[in-house]
Structure formats: structure tokens, C-alpha cells
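> Please read through the structure below; I'll follow up with questions.
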Amino acid sequence: MKLTDIIKKYECKVHSSNLDLNKDIMFAFCTDLMSDALFIMNTVQDERILDHAILITGLATQQSIRTAEMLDISVVLLVRGKMPSEKVIELSKESNIILLSTDYTMFNVSGYMFQDGIKGVKYNLKW
């Protein structure tokens, strides 16, 4: 699914200025515990997966941006109407992380994305 389609379909607010709207998103992982993201996503066996993944979280802090940065994930979606602070937005821009937010809950946006063909990231996932 193209990033532009995700933005439209899930009514996302865009907090980043440099967007690759043609970016294909094929995988997703959601958590509010960044240690879970680091544990699971560090087991991914093919970097292409992370290049086409989105991190879905309700954690609207610098920690979510730093985690995405460490994992080489370029898109973070904040859920439940969470709005990032200016510091978080600036960090996302400095880190080249596309930062989005939506009013959808984590459960609902994940379910809709799954219906749209986006696969979940799981332990030892291969391309």
C-alpha cells in the first residue's frame, strides 16, 4: 500500500515535510513498549522488510522516533489522536522519519491495514 493511500484512508495528519508519498508500506508492527519493537524487529532477517515497514504506536515521545531510527524504519504512525510536541516533530525531521498521526485506535488501524494486505512483523520474519 502506498504511503499516500495510508494517509488518505486512515485520515492521517502529516507532521513531516519531506515525504516519499510513493513509498510502499508492506509490513507493520504496533506497540507502546519500544523494547518490544527493538526485540522483535531486530530478529527480522531481511532489511527490505524494515525499509517497507511502519511502526504504529501511541507513544508520542522522542523515544518512538529514536527507536524507529535505530531500526531503520522511516515511518511512525501515532494513534488514538496523540499529537507530538514540537521537539518530537523536529527530531523526526532531523532523523528523516516520516511522522503521522490519526484518531484511529491501534487495534482498528492495525486491523484495517491487515485487511488491506499489510503484513504484521513477527519474530524471525523473512521476505
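The values are calculated or read from the model by the stated rules, or taken from the named source; none is laboratory data. Values in this document were obtained by computation on a predicted structure and should not be read as measured data. Ideal geometry is used to build each Cβ from the backbone, glycine not excepted, and the neighbour counts take in all protein chains shown.
> Name the residue that is farthest from I49 (Cα to Cα), counting only residues in the range 84-127 that are in contact (Cβ under 8 Å) with a residue 24 or more places away in the chain and of a type in the set (D, E, K, R).
Restricting to residues being in contact (Cβ under 8 Å) with a residue 24 or more places away in the chain and of a type in the set (D, E, K, R), the top hit is K87.
> Residue under question is S35, and the condition is that it be surrounded by 23 or more Cβ atoms within 10 Å (Cβ to Cβ) and either touching a Pro at 6+ places or on another chain (Cβ under 8 Å) or of a type outside the set (A, V, I, L, M, F, W, C) (or both); does it hold?
Numbers: surrounded by 23 or more Cβ atoms within 10 Å (Cβ to Cβ): no; either touching a Pro at 6+ places or on another chain (Cβ under 8 Å) or of a type outside the set (A, V, I, L, M, F, W, C) (or both): yes.
When the stated conditions are applied, S35 does not pass them.
> Here are the criteria: (1) small (G, A, S); (2) touching an Asp or Glu at 6+ places or on another chain (Cβ under 7 Å); (3) touching a residue at least 40 places away in the same chain (Cβ under 8 Å). Tell me which single one A28 does not satisfy.
Against the list (1) small (G, A, S); (2) touching an Asp or Glu at 6+ places or on another chain (Cβ under 7 Å); (3) touching a residue at least 40 places away in the same chain (Cβ under 8 Å), A28 comes up short only on (2).
> Further question on the same structure: I'd like the residue in the range 93-111 that is among the small types (G, A, S) and at pLDDT 95 or above and, out of all such residues, is surrounded by the most Cβ atoms within 10 Å (Cβ to Cβ). Show your work before the answer.
Filtering the range 93-111 for residues among the small types (G, A, S) gives 95, 101, 110-111.
If we keep only those that are at pLDDT 95 or above as well, we get 101, 110-111.
Working: S101: 21, S110: 19, G111: 12.
The residue in question is S101.
> Further, regarding this structure: Looking at Y112, Y104 in this structure, which one is in a helix (DSSP H, G or I) and hydroxyl-bearing (S, T, Y)? If you could, list the steps in order and put the result at the bottom.
Details: Y104 fails: in a helix (DSSP H, G or I).
Only one candidate qualifies: Y112.
> Let me ask something else. Which of the residues that make up the range 114-123 are within 17 Å of L21 (Cβ to Cβ) and either within 14 Å of the chain's Cα centre (by Cα) or buried (at least 21 other Cβ atoms within 10 Å of the Cβ) (or both)? Walk me through it before giving the result.
Step one: list which residues in the range 114-123 are within 17 Å of L21 (Cβ to Cβ), which gives 116, 118.
Passing the criteria: only I118.
> Hey, among the residues in the range 72-81 that are over 13 Å from G58 (Cα atoms) and of a type outside the set (V, I, T), which one's surrounded by the fewest Cβ atoms within 10 Å (Cβ to Cβ)?
Initial filter on the range 72-81 (over 13 Å from G58 (Cα atoms)): 72-75.
From what is left, the residues that are of a type outside the set (V, I, T) are 72, 74.
Working: D72: 11, S74: 23.
The extreme case among them is D72.
> Residues that are acidic (D, E), over 19 Å from D116 (Cβ atoms) and free of Cβ contacts under 8 Å to residues at least 24 places away in the same chain: does the range 63-83 have at least one? Let's see the steps before the verdict.
Step one: of the range 63-83, the residues acidic (D, E) are 69, 72.
Checking which are over 19 Å from D116 (Cβ atoms) leaves us with 69, 72.
Remaining after also requiring free of Cβ contacts under 8 Å to residues at least 24 places away in the same chain: none.
No, there is no match, as no residue in the range 63-83 is acidic (D, E), over 19 Å from D116 (Cβ atoms) and free of Cβ contacts under 8 Å to residues at least 24 places away in the same chain.
> Here's a follow-up. So, of the residues in the range 1-38 that are charged (D, E, K, R) and assigned to a helix (DSSP H, G or I), which turns out to be modelled with the lowest pLDDT? Show your work before the answer.
To start, the set of residues in the range 1-38 that are charged (D, E, K, R) comprises 2, 5, 8-9, 11, 13, 20, 23-24, 32, 36.
Applying the additional criterion that residues be assigned to a helix (DSSP H, G or I) yields 5, 8-9, 36.
Numbers: D5: 96, K8: 96, K9: 97, D36: 81.
Checking each candidate, the answer is D36.
> Continuing with this model, one more query. Please go through (1) of a type outside the set (S, T, N, Q); (2) buried (at least 20 other Cβ atoms within 10 Å of the Cβ); (3) free of Cβ contacts under 8 Å to residues at least 24 places away in the same chain for K8 and return the number of the only condition it doesn't satisfy.
Here K8 meets the rest and fails (2).
Residues are listed down the side, and each one gets a yes or a no for (1) loosely packed, with under 14 Cβ neighbours inside 10 Å; (2) part of a strand (DSSP E or B); (3) at negative phi:
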{"position": "I40", "(1), (2), (3)": "no, no, yes"}
{"position": "Q45", "(1), (2), (3)": "yes, no, yes"}
{"position": "I49", "(1), (2), (3)": "no, no, yes"}
{"position": "L55", "(1), (2), (3)": "no, yes, yes"}
{"position": "M83", "(1), (2), (3)": "yes, no, yes"}
{"position": "I89", "(1), (2), (3)": "no, no, yes"}
